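The values are calculated or read from the model by the stated rules, or taken from the named source; none is laboratory data. Keep in mind that this is a model prediction, so the values were computed, not measured. All Cβ positions, glycine included, derive from the backbone under ideal geometry; neighbour counts span all protein chains shown. Only protein heavy atoms, including side chains, enter the accessible area calculation; ligands, DNA and RNA are left aside. Shrake-Rupley method; radii C 1.70, N 1.55, O 1.52, S 1.80 Å.
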Amino acid sequence: MSNDVKRILIVEDDSRIAQNISKGLTEKGFETEVAYDGLIGSKIAHNSHFDLVILDINLPSLNGYEVCRNIRQRDPNVPILMLTALGETEDKIEGFGVGADDYVVKPFDFRELLARINVFLKRAHADQDQGFVLRVADLEINTNAKTVTRSGQSIDLTPKEFALLEYLVRNKGRTISKAEIAQKVWDSNHDSGTNVVEVYINFLRKKVDRDFESKLIHTKSGMGYVLKEEA
(Lines give C-alpha, C1' and ligand atoms only; values in the text may rest on other atoms or scores of the structure.)
Protein backbone atom coordinates (compact mmCIF):
# COMPACT_ATOMS: atom_id res chain seq x y z
CA MET A 1 0.00 0.00 0.00
CA SER A 2 1.22 3.54 -0.78
CA ASN A 3 2.78 5.55 2.02
CA ASP A 4 0.26 8.28 1.19
CA VAL A 5 -2.65 6.10 2.34
CA LYS A 6 -4.11 7.43 5.58
CA ARG A 7 -4.71 4.95 8.39
CA ILE A 8 -7.80 5.31 10.56
CA LEU A 9 -8.56 3.45 13.79
CA ILE A 10 -12.26 2.84 14.52
CA VAL A 11 -13.11 1.99 18.13
CA GLU A 12 -16.83 1.15 18.20
CA ASP A 13 -18.60 -1.75 19.92
CA ASP A 14 -21.60 -1.75 17.56
CA SER A 15 -20.30 -4.11 14.87
CA ARG A 16 -22.80 -2.91 12.25
CA ILE A 17 -21.80 0.74 12.66
CA ALA A 18 -18.11 -0.13 12.83
CA GLN A 19 -18.18 -2.25 9.69
CA ASN A 20 -20.25 0.33 7.77
CA ILE A 21 -17.73 3.04 8.63
CA SER A 22 -14.81 0.76 7.78
CA LYS A 23 -16.34 -0.26 4.44
CA GLY A 24 -17.17 3.34 3.50
CA LEU A 25 -13.69 4.60 4.35
CA THR A 26 -11.97 1.71 2.59
CA GLU A 27 -13.96 2.53 -0.55
CA LYS A 28 -12.64 6.10 -0.26
CA GLY A 29 -9.05 4.87 -0.21
CA PHE A 30 -8.34 4.80 3.52
CA GLU A 31 -6.81 1.91 5.43
CA THR A 32 -8.84 1.04 8.53
CA GLU A 33 -8.53 -1.07 11.64
CA VAL A 34 -11.48 -1.83 13.92
CA ALA A 35 -11.60 -2.50 17.66
CA TYR A 36 -14.87 -3.40 19.41
CA ASP A 37 -13.51 -2.91 22.93
CA GLY A 38 -11.96 0.13 24.62
CA LEU A 39 -8.99 -1.71 26.10
CA ILE A 40 -8.17 -3.39 22.80
CA GLY A 41 -8.56 -0.09 20.95
CA SER A 42 -6.18 1.60 23.38
CA LYS A 43 -3.58 -1.15 22.90
CA ILE A 44 -3.87 -1.02 19.09
CA ALA A 45 -3.39 2.77 19.16
CA HIS A 46 -0.35 2.29 21.38
CA ASN A 47 1.29 -0.24 19.06
CA SER A 48 0.56 1.31 15.65
CA HIS A 49 0.56 4.73 13.98
CA PHE A 50 -2.78 6.13 12.84
CA ASP A 51 -3.57 9.40 11.07
CA LEU A 52 -6.97 9.72 12.77
CA VAL A 53 -9.04 7.91 15.42
CA ILE A 54 -12.83 7.51 15.44
CA LEU A 55 -13.88 6.73 18.99
CA ASP A 56 -17.20 5.79 20.60
CA ILE A 57 -17.82 6.74 24.25
CA ASN A 58 -19.81 3.80 25.60
CA LEU A 59 -17.36 0.94 25.15
CA PRO A 60 -16.73 -2.34 27.00
CA SER A 61 -13.68 -2.60 29.32
CA LEU A 62 -12.61 1.03 28.97
CA ASN A 63 -14.87 3.95 28.04
CA GLY A 64 -14.08 6.36 25.25
CA TYR A 65 -12.96 9.15 27.59
CA GLU A 66 -10.28 6.87 29.09
CA VAL A 67 -9.20 5.62 25.67
CA CYS A 68 -8.94 9.21 24.44
CA ARG A 69 -6.87 10.20 27.48
CA ASN A 70 -4.54 7.21 26.92
CA ILE A 71 -4.05 8.04 23.24
CA ARG A 72 -3.42 11.73 24.00
CA GLN A 73 -0.68 10.91 26.52
CA ARG A 74 1.23 9.12 23.77
CA ASP A 75 0.28 11.25 20.77
CA PRO A 76 -0.71 14.90 21.33
CA ASN A 77 -1.36 15.52 17.63
CA VAL A 78 -3.46 12.69 16.15
CA PRO A 79 -7.02 13.93 15.42
CA ILE A 80 -9.66 12.15 17.54
CA LEU A 81 -13.33 12.23 16.53
CA MET A 82 -15.81 11.15 19.21
CA LEU A 83 -18.67 9.19 17.68
CA THR A 84 -21.48 9.06 20.18
CA ALA A 85 -25.18 9.22 20.94
CA LEU A 86 -24.41 11.71 23.71
CA GLY A 87 -24.94 15.21 22.38
CA GLU A 88 -25.18 17.33 25.52
CA THR A 89 -22.76 20.23 26.00
CA GLU A 90 -21.46 18.70 29.26
CA ASP A 91 -20.55 15.46 27.46
CA LYS A 92 -18.76 17.42 24.76
CA ILE A 93 -16.83 19.45 27.29
CA GLU A 94 -15.74 16.25 29.07
CA GLY A 95 -14.63 14.78 25.74
CA PHE A 96 -12.75 17.93 24.74
CA GLY A 97 -11.20 17.99 28.21
CA VAL A 98 -9.55 14.60 27.68
CA GLY A 99 -8.33 15.56 24.22
CA ALA A 100 -11.06 14.92 21.64
CA ASP A 101 -10.98 17.22 18.62
CA ASP A 102 -14.64 17.00 17.61
CA TYR A 103 -17.93 15.14 17.98
CA VAL A 104 -20.15 13.42 15.45
CA VAL A 105 -23.51 12.60 17.07
CA LYS A 106 -25.39 9.42 16.16
CA PRO A 107 -27.34 8.92 14.02
CA PHE A 108 -25.11 10.54 11.42
CA ASP A 109 -24.74 10.72 7.67
CA PHE A 110 -21.54 9.02 6.45
CA ARG A 111 -20.91 12.01 4.18
CA GLU A 112 -20.78 14.28 7.24
CA LEU A 113 -18.31 11.95 8.96
CA LEU A 114 -16.16 11.83 5.82
CA ALA A 115 -16.18 15.63 5.55
CA ARG A 116 -15.04 15.97 9.18
CA ILE A 117 -12.28 13.40 8.62
CA ASN A 118 -11.00 15.24 5.56
CA VAL A 119 -10.99 18.57 7.41
CA PHE A 120 -8.83 17.19 10.21
CA LEU A 121 -6.46 15.31 7.94
CA LYS A 122 -5.97 18.43 5.81
CA ARG A 123 -5.39 20.53 8.93
CA ALA A 124 -2.86 18.03 10.33
CA HIS A 125 -0.98 18.07 7.02
CA ALA A 126 -0.97 21.88 6.95
CA ASP A 127 0.36 21.98 10.51
CA GLN A 128 3.26 19.75 9.51
CA ASP A 129 4.09 21.96 6.52
CA GLN A 130 3.60 25.35 8.16
CA GLY A 131 4.43 24.78 11.81
CA PHE A 132 6.36 27.62 13.41
CA VAL A 133 6.46 29.83 16.48
CA LEU A 134 3.67 32.38 16.97
CA ARG A 135 4.16 35.31 19.37
CA VAL A 136 1.96 37.98 20.90
CA ALA A 137 3.55 40.09 23.65
CA ASP A 138 5.17 37.58 26.03
CA LEU A 139 3.00 34.68 24.79
CA GLU A 140 4.72 32.12 22.57
CA ILE A 141 3.13 29.16 20.77
CA ASN A 142 5.13 26.44 19.04
CA THR A 143 2.72 24.88 16.56
CA ASN A 144 5.02 21.94 15.85
CA ALA A 145 5.79 20.95 19.43
CA LYS A 146 2.29 22.03 20.57
CA THR A 147 3.75 23.98 23.48
CA VAL A 148 2.74 27.32 25.00
CA THR A 149 4.78 29.64 27.22
CA ARG A 150 4.16 33.06 28.69
CA SER A 151 7.04 35.08 30.09
CA GLY A 152 9.02 31.86 29.76
CA GLN A 153 6.55 29.99 31.98
CA SER A 154 5.16 26.77 30.50
CA ILE A 155 1.35 26.63 30.16
CA ASP A 156 -0.30 23.20 29.93
CA LEU A 157 -3.27 23.18 27.52
CA THR A 158 -5.56 20.44 26.27
CA PRO A 159 -5.56 19.94 22.47
CA LYS A 160 -8.82 21.85 22.10
CA GLU A 161 -7.62 24.72 24.29
CA PHE A 162 -4.46 24.84 22.17
CA ALA A 163 -6.48 24.93 18.94
CA LEU A 164 -8.64 27.78 20.27
CA LEU A 165 -5.64 29.80 21.45
CA GLU A 166 -3.83 29.22 18.15
CA TYR A 167 -6.87 30.46 16.21
CA LEU A 168 -7.09 33.59 18.37
CA VAL A 169 -3.36 34.27 17.96
CA ARG A 170 -3.44 33.74 14.19
CA ASN A 171 -6.26 36.32 14.10
CA LYS A 172 -4.71 38.70 16.66
CA GLY A 173 -6.25 42.15 16.73
CA ARG A 174 -9.42 40.97 14.98
CA THR A 175 -12.73 40.57 16.80
CA ILE A 176 -14.00 37.04 16.18
CA SER A 177 -17.61 36.03 16.79
CA LYS A 178 -18.53 32.96 18.85
CA ALA A 179 -20.17 31.47 15.76
CA GLU A 180 -16.97 31.82 13.73
CA ILE A 181 -14.88 30.25 16.47
CA ALA A 182 -17.35 27.36 16.80
CA GLN A 183 -17.20 26.78 13.06
CA LYS A 184 -13.42 27.11 12.65
CA VAL A 185 -12.20 25.42 15.83
CA TRP A 186 -14.99 22.90 16.43
CA ASP A 187 -16.27 22.58 12.85
CA SER A 188 -19.71 23.18 14.33
CA ASN A 189 -22.52 25.20 12.77
CA HIS A 190 -24.87 24.55 15.68
CA ASP A 191 -25.89 27.15 18.28
CA SER A 192 -24.80 24.77 21.06
CA GLY A 193 -21.24 25.21 19.83
CA THR A 194 -21.20 28.80 21.04
CA ASN A 195 -21.83 27.60 24.63
CA VAL A 196 -18.72 25.45 24.38
CA VAL A 197 -16.78 28.48 23.09
CA GLU A 198 -17.70 30.50 26.20
CA VAL A 199 -16.60 27.67 28.47
CA TYR A 200 -13.29 27.28 26.68
CA ILE A 201 -12.57 31.01 26.59
CA ASN A 202 -12.91 30.90 30.39
CA PHE A 203 -10.57 27.89 30.55
CA LEU A 204 -8.00 29.80 28.49
CA ARG A 205 -8.29 32.96 30.57
CA LYS A 206 -7.52 31.03 33.74
CA LYS A 207 -4.40 29.53 32.20
CA VAL A 208 -3.13 32.30 29.92
CA ASP A 209 -4.23 35.55 31.62
CA ARG A 210 -5.13 35.06 35.29
CA ASP A 211 -1.60 34.93 36.70
CA PHE A 212 -0.24 37.72 34.50
CA GLU A 213 -0.67 41.47 34.88
CA SER A 214 -1.26 42.14 31.19
CA LYS A 215 -4.41 40.51 29.81
CA LEU A 216 -4.46 39.23 26.22
CA ILE A 217 -7.97 37.78 25.74
CA HIS A 218 -10.66 40.48 25.60
CA THR A 219 -14.45 40.34 25.24
CA LYS A 220 -16.20 42.67 22.80
CA SER A 221 -19.75 42.82 24.15
CA GLY A 222 -22.26 41.44 21.65
CA MET A 223 -19.51 40.86 19.08
CA GLY A 224 -17.13 38.17 20.28
CA TYR A 225 -13.50 37.97 21.40
CA VAL A 226 -10.20 39.52 20.41
CA LEU A 227 -6.66 38.59 21.40
CA LYS A 228 -4.39 41.61 21.59
CA GLU A 229 -1.86 43.37 23.78
CA GLU A 230 -3.36 45.82 26.26
CA ALA A 231 -2.69 49.40 25.32
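Among E229, E213, which is more than 26 Å from I117 (Cβ to Cβ) and at pLDDT below 90?
E229
Take the range 22-38 and flag every residue that is without any contact (Cβ under 8 Å) to a residue 24 or more places away in the chain and of a type outside the set (D, E, K, R).
The answer is S22, T26.
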(message) Please pick out the residue among R135, R150, R205 that is in contact (Cβ under 8 Å) with a residue 60 or more places away in the chain and of a type outside the set (F, W, Y).
(response) R150
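It is to be established whether one or more residues within the range 26-37 are among the aliphatic types (A, V, I, L, M), surrounded by fewer than 18 Cβ atoms within 10 Å (Cβ to Cβ) and under 20 Å from T84 (Cα atoms).
Scanning the range 26-37, I find no residue that is among the aliphatic types (A, V, I, L, M), surrounded by fewer than 18 Cβ atoms within 10 Å (Cβ to Cβ) and under 20 Å from T84 (Cα atoms), so the answer is no.
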(message) Conditions first: (1) surrounded by 20 or more Cβ atoms within 10 Å (Cβ to Cβ); (2) modelled with pLDDT under 95. T89 passes all but one, so which condition is the exception?
(response) (1)
(request) Determine, yes or no, whether I21 is aliphatic (A, V, I, L, M), surrounded by 18 or more Cβ atoms within 10 Å (Cβ to Cβ) and over 16 Å from the mean Cα position of the chain (by Cα). (result) yes
(message) Among the residues of the range 187-202, what is the count of those that are at pLDDT below 85, part of a helix (DSSP H, G or I) and open to solvent by less than 30 Å² (accessible area, probe 1.4 Å)?
(response) 1
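From R123, R72, which residue is surrounded by fewer than 17 Cβ atoms within 10 Å (Cβ to Cβ) and under 27 Å from N144 (Cβ atoms)?
The conditions single out R123.
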(message) Which count do you get for residues in the range 169-184 that are open to solvent by 70 Å² or more (accessible area, probe 1.4 Å) and of a type in the set (V, I, T)?
(response) 0
(request) Please give the number of the condition E140 fails out of (1) open to solvent by 60 Å² or more (accessible area, probe 1.4 Å); (2) at pLDDT 90 or above; (3) closer than 20 Å to K92 by Cβ. (result) (3)
(request) Inspect all residues belonging to the range 214-224 and state whether any of them is surrounded by fewer than 16 Cβ atoms within 10 Å (Cβ to Cβ) and touching a Ser or Thr at 6+ places or on another chain (Cβ under 7 Å). (result) yes
(request) For S15, indicate whether it is within 23 Å of the chain's Cα centre (by Cα) and among the hydroxyl-bearing types (S, T, Y). (result) no
(request) Examine the range 144-166 for a residue that is of a type in the set (S, T, Y) and open to solvent by less than 20 Å² (accessible area, probe 1.4 Å), and state whether such a residue exists. (result) no
(message) Looking at the range 143-167 only, could you name the residues that are polar (S, T, N, Q) and either more than 12 Å from the chain's Cα centre (by Cα) or over 28 Å from S177 (Cβ atoms) (or both)?
(response) T143, N144, T147, T149, S151, Q153, S154
(message) Given the criterion assigned to a loop (DSSP other than H, G, I, E, B), surrounded by 15 or more Cβ atoms within 10 Å (Cβ to Cβ) and of a type in the set (D, E, K, R), identify the matching residue among D4, D13.
(response) D13
